[in-house]
Amino acid sequence: MVHEAASHESENIRGKKEFGYNWVNSSRFLFYLQVLCFTAATLGGCAMLYQKRYKGKPDVEVQSSSEYTPVYK
């Protein structure tokens with residue numbers, strides 16, 4: 001009888017600490033994990049967009065014959 005009560009008590013303590021048995025702690029963990037993954041993906045996307053940003057108008061030499069008012073030689 002004593003052994004059975006001790007076994008039940010240790011199972012109860014294990015159930016409080018185990019991920020699958022305690023839905024409050026596991027759902028809290030999964031929520032924070034989801035927030036962390038979403039934040040990491042958002043920051044990663046922003047970093048990629050910043051790396052490949054538009055650097056400005058390039059200085060390109062255009063032939064005078066192909067301008068809006070062409071100049072011929």
Please label the shape of region 26-73 as rounded, prolate or oblate, based on the square roots a ≥ b ≥ c of the eigenvalues of the alpha-carbon gyration tensor (a/c under 1.5 means rounded; beyond that, a/b larger than b/c means prolate, else oblate). prolate
Express in nm, to one decimal, how much length is gained between residue 32 and residue 18 on full extension, taking 0.36 nm for each residue of separation and deducting their alpha carbon distance. 3.3 nm
With R₀ set to 22 angstrom, the calculated FRET efficiency between the beta-carbons of residue 68 and residue 46, to the nearest 0.05, is 0.05
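Every read-out reported here was derived from the displayed coordinates using simple, explicitly stated rules and does not represent laboratory data. Predicted model only: the values in this text are computed from it and were never measured. Reconstructed Cβ throughout: ideal geometry from the backbone, glycine too, with neighbour counts over all protein chains shown.
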